[in-house]
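Take a look at the structure below.
The values are calculated or read from the model by the stated rules, or taken from the named source; none is laboratory data. Note that the coordinates shown come from a computational prediction; the quantities given were computed from them, not determined experimentally. Note: ideal-geometry Cβ built from the backbone for every residue, glycine included; neighbour counts use all protein chains shown.
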Amino acid sequence: MLNRIVKIDFLTVVSGLIAGFENDRQRLILWAPVAFATGIASYFALTVEPPLWTGVSLVGACGGLLWCVRKKGRLALLATGLLLASLGLLHASWKAHISTAPVLEKRLGAVELSGRIVTIEDFAKRRRILLDRVKIARLAEEYYPARVRLRILPEKPGSRALEIGEHVTLRAILMPPAAPAMPGGFDFQRKAWFEQIGAVGFAISRPSARSRGPGDSFSIKLQRLRRAIALQIKNSVAGETGAVIAALIVGDRSALTEETLQNLRDAGLAHLLAISGLHIGLVAATIFFAVRLGLALISHCALHWPIKKISAVAALLGSFVYLLIAGATVPTQRAFLTTGLVLVAILADRRAISLRLVAAAAMLVLLLRPESLLSPSFQMSFAAVIALVAFYESLGPDLWQRLGEGRWTSKLTLYFVGLALTTVIASFATGLIALHHFGRLPHFGLLGNLLAVPLTAFWIMPWAVLGVILMPFGLTSVALVPMGWGVDLVIAIAGTIAGWPQAVSLLPLMPTTGLIGVTIGGLWICLWTGRKRWLGCLGILAGLVIMNWTQKPDILISASGKLIAVRLPNNELAVSSLRREKFTAKIWSQALGVGRTSKLSAAAPEIVRCDGLACLIRTNGHKIALIKDERAFVDECGRQQILIATVPIPGYCDAALRIDRFDIWRNGAHAVWLSPGEIRVGHVRGRRGKRHWAPDLNSNK
C-alpha cells in the first residue's frame, strides 16, 4: 500500500512538472543563449584544439537531426538546443582561429623595437603602453607580434608627453605572455591570444624617434580622445578623487591606488568602478528626463511633439557616446545593449524591461566576443541583471505602482526598500561567482550600497554628464568639483566599512565544477516560473558541496621553478622567497583563501627545517625535500617520499614523487595534493592541453 502511494505521488509530481514546462513554453526562448553559451564553454574546456571542420560537422549533424524530428515536439526542442550548442562551439572555434597572430616563442633580451602607441595607462607607480605595427630587431618579419604590451620608463622632466598614435622606437626585454600561475588558474595566454598580444615586457630605454603616421584610424582617434578627457579630469581634480572620476567617466582605473581599490572591494562597492548597467542607466535616465523636462517647458513642443520618444532617442545617442568614451568593455556593452533595447521598446510602445531583452543582449555579446563568457565581468553583470529582472517580474507590474502611490515620503521609502532588495538580490546572484574568481566575501555590502548608490545616482553621475557636456567649452571644473565632493564621500564610506573588523572573509576559490552547478541552479530559478523553479536550489547546493569538499593543494611550484609554496597545518602559506615572484605568491594566496604568507625557513622547526642546501618538510604524514643544491642528494635520496628540486634529480634517486627543473620546463607550474597514504600531482600542461594559446611550454623557455 505504501509503495502504491509513493508511486502515485511520484507520478503526480512528474506530471505536475511536465504540465509546468508546457505552461512555460513561451519562456523556452530564454534558454537559447544558455545553449549557445554551453557550446562556447565546451570549446574552452577541451584539452585539444578542434579543427574548424569539427564544428562545421557538428552543426551539420545537429541541423540534420532537427530536420528529422522537427514535428516531434520535445525531441525537436532537444535537437534545437544541441544545434545552438554546436553553433556556439563553432563560433568560439572560428573566433579563436581568426585571432591567430604571431606569439613570441622565447625571451628576447635587450632588443630594439618600434611600433605605434595604441593605449597609454598611467598607473600609480608605473606607465604601460600597448604597441601595434611592431617591428623587432633580430626577428624575422613573419614572427613580429601583432601587438606588444610594455612597461616603460617615465619621461624626463620637461620633455613632451607621449601621445596615442605616435610611432616610437625603444629598447626592451620581451617575453611571451605568462602561462597560468597554477593548474586551473587564470590563463593570461588565452586572454592575450584573443587580444592579439604576442609579447609583453619592459623598456630599458626611453622612447625615441617619435613621429605620427598618416591617417589615424577611428579607434586611435577614439583612444586619443579618451586619454585627453582623462588627463583633463586629473588636471581639474587632483589626487585619488580625480582618479575615481576618470574611472567613472572614461573607464580608466590605472591611476587608482591599490588601497582605494581594496577598500571598495571589501566594502562591496567595487561595482561602482566597473562601468555597467548602473552607470549607463543613470546616464540614459539623466539625459532622458533632462530632455523631456526641457521640451515639456515649451508649450508648443509639449502639445505637438512626441517628447517621450525624442527623449528616448537623445538618451540612446548619449548612451552610445558614453559606451565609446568608456572603452566598450564587456559590462559596458551589456549595459548599452540592455539600455538601448529598453529605449527602443519605448520608441515602439512596447514593454521596456524583460528577460527576453536580457537574453537578446547576452546573445549579442556572445556573438561579438565569445571569449568574454569566461570573464568575471560577463558572468557577474548578467547574473545580477537576470536575477533582478526575474525577481521584479515575479512581483507583478502593479505591485510597485500601488506601493508608490501616495506622499513623497512613501515614494522615498519605496526607493530605499527597492535599493536594499536590489543589493541583496544582486549580492546573492554574484557572490558565489565572485568566490570563484576572487575568493573574497564582503559582509557589509548591503550597508555600503545603501549609502553609496543613492549618492552615485543623484549626485555623482548627473554631474558627470554635465562635466562631459561642458568639457569642449573649458568649463569642466564647474561640474567636476562638486562631483568630486560626492566621490570623496564614497571613498570615505568604503574606507570606513573596509576598516571594520571582519569586514571581509577570505575563502578558497570555488572550483569550476562548483560554479557550473551554481550557474545551472541560478538560471533554473530565474528562467522558469512556478514551483518547479525551486528545483534549481539543488544545483546551488551541489556547487556549495563541491566547494567544501574540494581539497586545496598542499604544495605549489611556479612555472619558473624559482618559487615554491607549502600550505602549513595552520592554513598559512609558507613560500621559499618573499622577494621573488610576488605576483605569483599573491595569486596563490587568493586561490587558497590565505590572508598572509610567510618565509618557509621561518616556519615551526617541527614542520620545516632549512639549511643552505635544502628544506625538509613534514606535513600530512609525508616527508618532503625541497632541494636547492645538488650536494643535498647525497643525504636525501631514498630518505624522503617527495623530492622537489630546482636542479636535475639524478636517476639513482628514489622517491614516490620526483619533480625537478626538467618537469617544470616541460609542464609548467605544478600543484601537489597530500593526504594520508596518497599523493596527487597536477600541472598546467596537463590541465590545459595543447590549444592555440597554449603551445608546448618548453618552447617558451
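Considering each residue of the stretch 241-280, count those that are small (Gly, Ala, Ser) and in a helix (DSSP H, G or I), and give that number. Residues flagged as small (Gly, Ala, Ser) and in a helix (DSSP H, G or I) within the stretch 241-280 amount to 6.
Residue-wise test of (1) part of a strand (DSSP E or B); (2) not assigned by TED's automatic domain parsing to the domain that holds VAL59.
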{"site": "ALA92", "(1), (2)": "no, no"}
{"site": "SER114", "(1), (2)": "yes, yes"}
{"site": "ALA124", "(1), (2)": "no, yes"}
{"site": "ARG138", "(1), (2)": "no, yes"}
{"site": "GLY158", "(1), (2)": "no, yes"}
{"site": "ARG171", "(1), (2)": "yes, yes"}
{"site": "LEU174", "(1), (2)": "yes, yes"}
{"site": "ALA181", "(1), (2)": "no, yes"}
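Screening VAL672 against (1) within 31 Å of the chain's Cα centre (by Cα); (2) among the hydrophobic types (A, V, I, L, M, F, W, C); (3) surrounded by fewer than 19 Cβ atoms within 10 Å (Cβ to Cβ); (4) over 30 Å from LEU108 (Cβ atoms) leaves a single unmet condition, (3).
Could you grab me the full set of residues in the stretch 208-243 that are more than 23 Å from ARG253 (Cα to Cα) and either surrounded by 20 or more Cβ atoms within 10 Å (Cβ to Cβ) or of a type in the set (D, E, K, R) (or both)?
The initial filter retains those residues of the stretch 208-243 that are more than 23 Å from ARG253 (Cα to Cα), namely 208-217.
Within the stretch 208-243, ARG210, ARG212, ASP216 qualify.
If you check THR260, THR241, THR286, THR332 for being in contact with a helix residue (DSSP H, G or I) (Cβ under 6 Å, 6 or more places away or on another chain), of a type in the set (S, T, N, Q) and over 27 Å from VAL504 (Cβ atoms), only one passes: THR286.
Yes or no: the stretch 544-551 includes at least one residue that is in contact with a strand residue (DSSP E or B) (Cβ under 9 Å, 6 or more places away or on another chain) and assigned to a loop (DSSP other than H, G, I, E, B).
Taking the stretch 544-551 first, the residues in contact with a strand residue (DSSP E or B) (Cβ under 9 Å, 6 or more places away or on another chain) are 551.
Then drop every residue that is not assigned to a loop (DSSP other than H, G, I, E, B), which leaves 551.
Looking through the stretch 544-551, at least one residue is in contact with a strand residue (DSSP E or B) (Cβ under 9 Å, 6 or more places away or on another chain) and assigned to a loop (DSSP other than H, G, I, E, B).
Looking only at strands (runs of 3 or more DSSP E) that lie completely in the stretch 650-691, which have at least 3 residues being of a type outside the set (D, E, K, R) and in the same structural domain as GLY638 (by TED's automatic domain parsing)?
Here the list reads 670-675, 678-683.
Inside the stretch 587-614, residues that are without any contact (Cβ under 8 Å) to a residue 40 or more places away in the chain and within 19 Å of ILE664 (Cα to Cα) make up a count of 1. For the stretch 305-385, give me every one of the helices (runs of 4 or more DSSP H) that falls completely inside it and has 3 or more residues that are over 26 Å from THR422 (Cα atoms). By residue number, 307-325. Restricted to the stretch 151-167, and to residues there that are hydrophobic (A, V, I, L, M, F, W, C) and within 17 Å of GLN223 (Cα to Cα), the residue that is surrounded by the most Cβ atoms within 10 Å (Cβ to Cβ) is ILE164.
Looking at TRP500, TRP459, TRP485, TRP534, which is the one that is surrounded by fewer than 20 Cβ atoms within 10 Å (Cβ to Cβ), outside the structural domain of THR241 (by TED's automatic domain parsing) and either of a type in the set (Gly, Ala, Ser) or outside any strand (DSSP E or B) (or both)?
Details: TRP500 fails: outside the structural domain of THR241 (by TED's automatic domain parsing); TRP459 fails: outside the structural domain of THR241 (by TED's automatic domain parsing); TRP485 fails: outside the structural domain of THR241 (by TED's automatic domain parsing).
Exactly one residue qualifies, and that residue is TRP534.
Within the stretch 347-385, restricting attention to residues that are over 15 Å from PHE36 (Cβ atoms) and β-branched (Val, Ile, Thr), the residue that is modelled with the lowest pLDDT is ILE353.
Annotation note: of SER601, SER589, the sole residue that is modelled with pLDDT of 85 or more and assigned by TED's automatic domain parsing to the domain that holds ASP663 is SER589.
So in the stretch 64-114, with the set limited to residues that are among the charged types (D, E, K, R) and more than 30 Å from ALA203 (Cα to Cα), which one is modelled with the lowest pLDDT? Give the derivation first.
First pass over the stretch 64-114, keeping only residues among the charged types (D, E, K, R): 70-72, 74, 95, 105-107, 112.
Among the residues that remain, those that are also more than 30 Å from ALA203 (Cα to Cα) are: 70-72, 74, 95.
Values: ARG70: 88, LYS71: 86, LYS72: 85, ARG74: 82, LYS95: 96.
The qualifying residue modelled with the lowest pLDDT is ARG74.
The set of residues in the stretch 654-669 that are surrounded by fewer than 19 Cβ atoms within 10 Å (Cβ to Cβ) and either in contact with a helix residue (DSSP H, G or I) (Cβ under 7 Å, 6 or more places away or on another chain) or basic (Lys, Arg) (or both) comprises ARG658, ARG661, TRP665, ARG666. Scanning the stretch 503-531 for residues that are of a type outside the set (A, V, I, L, M), more than 19 Å from the chain's Cα centre (by Cα) and in a loop (DSSP other than H, G, I, E, B) turns up TRP528, THR529, GLY530.
Might you check whether a residue that is in a strand (DSSP E or B) and either in contact (Cβ under 8 Å) with a residue 40 or more places away in the chain or buried (at least 18 other Cβ atoms within 10 Å of the Cβ) (or both) occurs anywhere in the stretch 185-196? The answer is no, given that none of the residues of the stretch 185-196 is in a strand (DSSP E or B) and either in contact (Cβ under 8 Å) with a residue 40 or more places away in the chain or buried (at least 18 other Cβ atoms within 10 Å of the Cβ) (or both). Scanning the stretch 603-626 for residues that are in a loop (DSSP other than H, G, I, E, B) and surrounded by 14 or more Cβ atoms within 10 Å (Cβ to Cβ) yields ALA603, ILE607, LEU613, ASN620. State yes or no: is THR54 modelled with pLDDT of 95 or more, closer than 30 Å to SER372 by Cβ and either outside the structural domain of PHE378 (by TED's automatic domain parsing) or surrounded by 13 or more Cβ atoms within 10 Å (Cβ to Cβ) (or both)? Judged against the criteria, THR54 is not a match.
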